[in-house]
Every structure is written in C-alpha cells, then in structure tokens.
Amino acid sequence: MNKSSFYQPLLVNLIWLSCLLFSISAKAELVIEITQGRDDAVSIAVVPFAWEGPGRSPENVAGIVSADLYRSGQFKVLPPADMLSTPTTEAQVFYRDWKVLGVEYLLIGRLKKGQGDTYLVDFELFDIYQQKVIRHGNASSRKPRRLAHFISDEVYKQVTGLRGAFSTRLAYVTKEKLGKGKERYQLHRADADGYADHVIVQSGEPILSPAWAPNGRHIAYVAYKSGKPAIYIVDSFTGEDKKVVDYKGLSSAPAFSPDGNKLAFVLSKDGDPEIYTLDFKTKKMERITRHFAIDTEPSWAPDGNSLYFTSDRGGRPQIYRVDLGSKRVSRVTFQGRENARGSLTADGRFLVMAHLHEGRYHIAVQDLVRGTVNILTATDLDESPSISPNGVMVIYATQKGNRGVLAAVSVDGRVKVQLPSSRGDVREPAWSPFL
Amino acid sequence: MSIFTRKHLIALMAAASIAGCSTTPDDSTATEDTSASQEASSETSSSEATYGAGDDSVSGSTQGASSAADSLKAAAMQSTIVYFDFDKSNIRPDAYNTLKAHAAYLSANPAVKVRLEGHADERGTREYNLALGERRGKAAANYLTANGASSSQIDVVSYGEERPVAEGNNEASWAQNRRVELKY
C-alpha cells in the first residue's frame, strides 16, 4: 500500500476479508429498534431468497435486507406470513398478488455457493405499479451478511435516490465498572446494524473521541494510556495501534481531513486549547486558532478548506468556522445558549450539533442556507452526534436511566431509532465513511 | 506505516517541554500566604486536639521543624478537593483556605509534587468538558503558585466528564463532579 495515501479513501472489494485480532461476536451488542418511522414510508416485500446449494442456507439474506430497510424508517416491510406467493424468479412473479396487498416494491433473489468459500447472490427489484424489474444485480462475498447489506444499499438507492449506508460501520466506546474503583473502557467497531462487534482497543483509563479515517479502516481516538490524554490511531482490522500526538496538557479531539492527508486536533501546550493540523506527508504541524478562550472539537468542511469548531470566546460555547487559508474566524451559530461539536453533512448544507435549549442538551441541525435551526431530539444530555455518510441519519449518545445509550435520528427529524446495548455505558458513536 | 517518525515525536516532546508557565507572587499575596499558613496550621492543631480527645494520651516530644512540616501537611490533607460553578473555572471563595493550605505545604516542601486533576459535570460535550476540566486545573494551579508553590511542583491533567464521583443526572451530583482533585 502506498504510504502517502494511507488514510485516503480506498475501495473495498466485497470479497475482501478482514482479519481480526480481537474478540469477534457474530451477535449484536447493539440492537437497533425503531421508535418513529416516516408516515409516508414506502411499502416493500422482500421474499425469502432461494438457496441453491446443499443443506440449509447459511444466512437469511431477505431477513437482513428487510431489517435494514425497516430500521431506516423509510420502508414498511411486508411480513413473509402475509405473502400470497413466494417467488424466487421473475417468471414466478404475479403482480396482482402484491398489488392487492398495497406493496409498491418487491425484491426477490437467489443465494448460492461461489468459488472457494464465497457466496453469490442474484436479485431483482420490481416496481409493482409499473409491473417491471427496475433493478437487477449480483454480488459475491465470503460473508452473506455483507451481500445482504449490499442489496439493501441498492434497493435504498433505487427507491430514494440516495446512496444507502447499510454497508457502513460504527465505532463507539463502552465503559464498565469492574468493582474496587476499577473501570474498563473499550473502543468497538461494529457493522452499521450492530452485528460483527469487535473490541479494538481496551484500557483501564478513559477512551473518547473516536474519528474514522476516510479509508474506513483507521480510527483516531483519545486515550489516557500514559496518564494524560493523547491521540492514537488504530487500524480497526488488525488492532495495530500507534500514539501520534502527545504534548504537555491536552492532546485531543482528532478529526481526519476528507482526503485523509491531515489530522486536525486540539493542543493546550500554548496555555489554552488551540486547534492545530498535522500533515501526514510533510509531518508539518500548523496552529490554526489563536485565542485565549477554549477552542476545540474541530470538524472538517467537506471541501477540506475550512474547519468548524467549538469556542467559548463569546462567553458560552458556540460553533465557529475558520478558513484554513486566511485563518479568518466567523461565528456560525447564534440560536441557543450553547452549541458544540458541530459537523457538516457531506453536501455541506446542514450543521449538526449538540444544542442547549431551555436547560436541556439536544441534537439540533442548522440549515446553513436558510439559517433555520431545528431541534431533532426530545431527550436530555444528548451529545456526540455523528452523521451517516449519506447525510440521512445522525447517531448520538444520550442517557437512559443513568446509563449511557446510543440513539439515532434522521436529519429531517422524521425517523427515530434506539440502540439499546447489552452491557455497560455506551457513548461516543462515530459513523464510518462509505466503505 | 510511518506517519510519524520517532524523530518527529521527540521534536514534539521537546517543543512541549519548553512551553511552561511561571508566576511570581507579588508582595501582597506573599503576605497573605504567610498568614494563611499560620491560620491553617492553627486550625489543624485545634482539630487534631478534637480527634485526639478520648484517646489514651501519649507523652513525649517531637522536633519542632518536623512537627511544623507535619502540621502543614495535615492542614493540606484535610481537604483535597475544590469545587466549581457550572461552566466556570474561577476559584470560589469556599476553596481559598484549601488551596492556601496546599500552597503553604508545597512552598515549605519544594521536593513535593502535586497532580491537579480537573473534572467537569456531564452537561456539555465531552471534548469541551475536557478543555473546561483543564481550565479548572490551571486556575487551581495559578492560585497555588500565587500563594507560594512553584509551577514545577504542579502537574495538571483534565479528565473532563469521564470520571464523575456522583452518577446522578441532577444538580446535586453535577455540583460534586465539577471539581479539581489535588493528588500527591
């Protein structure tokens, strides 16, 4: 691999298999439960896929696709028990069987063994009203779950016009109390549906602020392994872990630039927290902000030419933007007593942030074109918002019964999802880029 | 991967170690410092007497110097936590005596080092709270140096909202969590 493009986006072949050093659990630590879907959700039927091989099918592909689509909040999925027929080929499809049930889209498919230990899948997506196939495709992978997410992405794109984020991953942090004042912090990596959960870093000291590299593989994070906060980068596939920034005082809040060539972060070596960037190629560090107030939580604009960051230079935390060329700073948020940890959707239009309103911390979104602010959550102590790479959903941390839990909400506020965890305090979610 | 070379890291460390701060107390604070330590030590002896009441009395004598040092230490160790208001890092008047006692102890014992651990409550974002915890730690450090401690004796580490002492989602818990702990 070319060193200079180490953190740059790379296309991951579906067949490519990750090898992992740490514990692997096929079951999900996080379970995704939809609490509010769209009232205009699209009706789809996903017929159980045919298994064209010996013995039992290795995975319920249709079940995984159904779950993906349902949890997006944008689909109503017909239960298989309600189906009048269960076609697995185009010749077996009778449109009236679906029209009578009010189904708008129908997905069928076939799974079989491929070469070696791979699986092949073929599928067709039908528009019931138009009475025709609108998408067909095939894919191969060693992991049938990944095939299912690939199909979910295809269906989502065909129906909504937006790229699906079902094949992406999440990073998050758990904290468990072990007794005698001992604690265990773990940085996890999981599929976007909570499955294939792996612990990639473990520490008895706090872990926070995970941030994905655009290659969807490396994760920068902050840990106290040396008794003070420092920035590390871990390869989430191999577990290879390196300390990259460690100065006197704070070294924290890492954020990879969109091209993966730079890291923005916070150092307080000058006396108060200031934002810096580090160029991985030239190894040059540049100070970006100069102010005696707290400057923290840098987040890159999609074009890589400016950073959004939190500062209390106006008295309370608000979000500011700094142009990386001129270093000129302008204030971005004005509504709400506090706004912090801002990040932009990939189209650059929406700023998602933690927002203090009437004494409660919510996740809110500011439309940078219209200037309007919309509060997305009704819970309190909401923080650490992270936007899905297609700009549709925001995953964030909140509290439930004195425990940290994750939840998600769509940027338009219409879909709400809970992610209860099987153990511990869960916090600091980070949604990966497209893989 | 060689994103960072060892050479570079060493350079970073070197740059970091150059950055430091020194505060020289002016005359008025120095005077205040002396009276504070006297006040603190007299407080200590009286409270020691209270703790000693009812115990079997011990006769004997100790060396004056070490007893003065011990009482400075005892005065400092009476309280090792100071608290802060929401989103504030100014030292509250109720923390003055605690910090002055620690400053007197540090001033009398230049070899002793203290680690100031700054904390925040759970409200607000984690990284902002990390910065806030550090600002509180530094405010306490400045107070100590202004009262006679040397900046070389003090190390400040922020834990932000990561290490609460009280777990509740209410003001009573939050008030306990907005703190700087002095650890020797």
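The table below lists the values:
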item: Filtered residue count, segment A:72-115, keeping only those that are within 32 Å of the chain's Cα centre (by Cα), part of a loop (DSSP other than H, G, I, E, B) and farther than 18 Å from A:Trp51 by Cβ; result: 7
item: A:Pro48 touching a Pro at 6+ places or on another chain (Cβ under 8 Å), touching a residue at least 12 places away in the same chain (Cβ under 8 Å), assigned to a loop (DSSP other than H, G, I, E, B) and within 15 Å of A:Ser152 (Cα to Cα); result: yes
item: Any hit, segment B:121-137, residues being surrounded by fewer than 16 Cβ atoms within 10 Å (Cβ to Cβ), outside any loop (DSSP other than H, G, I, E, B) and away from chain A (no Cβ under 11 Å); result: no
item: Which numbered condition A:Asp82 misses (of (1) under 30 Å from A:Gly413 (Cα atoms); (2) surrounded by fewer than 21 Cβ atoms within 10 Å (Cβ to Cβ)); result: (1)
item: Total residues in segment A:236-271, condition of a type outside the set (Gly, Ala, Ser) and within 24 Å of A:Ala301 (Cα to Cα); result: 13
item: In segment A:202-227, the residues that are aliphatic (A, V, I, L, M) and either in a strand (DSSP E or B) or facing another protein chain (nearest Cβ under 9 Å) (or both); result: A:Ile207, A:Leu208, A:Ala211, A:Ile219, A:Ala220, A:Val222, A:Ala223
item: Any chance A:Asp303 is assigned by TED's automatic domain parsing to the domain that holds A:Ser268, open to solvent by 10 Å² or more (accessible area, probe 1.4 Å) and of a type outside the set (Phe, Trp, Tyr); result: yes
item: Hits in segment A:361-376 (condition: within 14 Å of chain B (Cβ to nearest Cβ) and in contact with a Lys or Arg (Cβ under 9 Å, 6 or more places away or on another chain)); result: A:Tyr361
item: Flag if B:Val156 is aliphatic (A, V, I, L, M) and within 26 Å of B:Leu72 (Cβ to Cβ); result: yes
item: Positions within segment A:377-402 being away from chain B (no Cβ under 14 Å), buried (at least 22 other Cβ atoms within 10 Å of the Cβ) and small (Gly, Ala, Ser), in sequence order; result: A:Ser388
item: Of residues in segment A:236-254 being out of contact with any helix residue (DSSP H, G or I) (no Cβ under 8 Å at 6 or more places or on another chain) and touching a residue at least 24 places away in the same chain (Cβ under 8 Å), the one nearest to A:Pro433 (Cα to Cα); result: A:Ser236
item: Residue count, segment A:243-265 (criterion: at the interface with another protein chain (Cβ under 7 Å from one of its Cβ atoms) and either surrounded by fewer than 16 Cβ atoms within 10 Å (Cβ to Cβ) or outside any loop (DSSP other than H, G, I, E, B) (or both)); result: 3
item: All positions within segment A:287-296 that are within 14 Å of another protein chain (Cβ to nearest Cβ) and open to solvent by 10 Å² or more (accessible area, probe 1.4 Å); result: A:Arg287, A:His291, A:Phe292
item: Selection from segment B:72-120 of residues that are away from every other protein chain (no Cβ under 14 Å), assigned to a loop (DSSP other than H, G, I, E, B) and under 30 Å from A:Glu428 (Cβ atoms); result: B:Thr80, B:Phe84
item: Matching residues in segment A:122-154 - criterion: being part of a strand (DSSP E or B), out of contact with any Phe, Trp or Tyr (no Cβ under 7 Å at 6 or more places or on another chain) and in contact (Cβ under 8 Å) with a residue 60 or more places away in the chain; result: A:Phe123
item: Residues (within 8 Å of chain B (Cβ to nearest Cβ) and surrounded by 23 or more Cβ atoms within 10 Å (Cβ to Cβ)) located in segment A:228-242; result: A:Pro229, A:Ile233
item: Enumeration of residues in segment B:138-169 that are of a type outside the set (Lys, Arg) and at the interface with chain A (Cβ under 10 Å from one of its Cβ atoms); result: B:Asp155, B:Val156, B:Val157, B:Ser158, B:Tyr159, B:Gly160, B:Glu161, B:Glu162, B:Glu167, B:Gly168, B:Asn169
item: Tabulated pairs, segment A:280-300, first touching a residue at least 60 places away in the same chain (Cβ under 8 Å), second crowded, with 23+ Cβ neighbours inside 10 Å and assigned to a loop (DSSP other than H, G, I, E, B), C-beta under 9 angstrom, 6+ apart or interchain; result: A:Phe280/A:Tyr7
item: Given (1) open to solvent by 20 Å² or more (accessible area, probe 1.4 Å); (2) without any contact (Cβ under 8 Å) to a residue 24 or more places away in the chain, index of the condition A:Ser268 fails; result: (1)
item: When residues of segment A:407-429 are limited to those that are in contact with a Lys or Arg (Cβ under 9 Å, 6 or more places away or on another chain) and within 14 Å of another protein chain (Cβ to nearest Cβ), the one farthest from A:Ser386 (Cα to Cα); result: A:Gly424
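The values are calculated or read from the model by the stated rules, or taken from the named source; none is laboratory data. Here the structure is a predicted model, which means the values were calculated and not measured. Backbone-built Cβ (ideal geometry, glycine too); neighbour counts: all protein chains shown. Note: accessible area is taken over every heavy atom of the protein model, side chains too, but ligands, DNA and RNA are not part of it. Shrake-Rupley method; radii C 1.70, N 1.55, O 1.52, S 1.80 Å.
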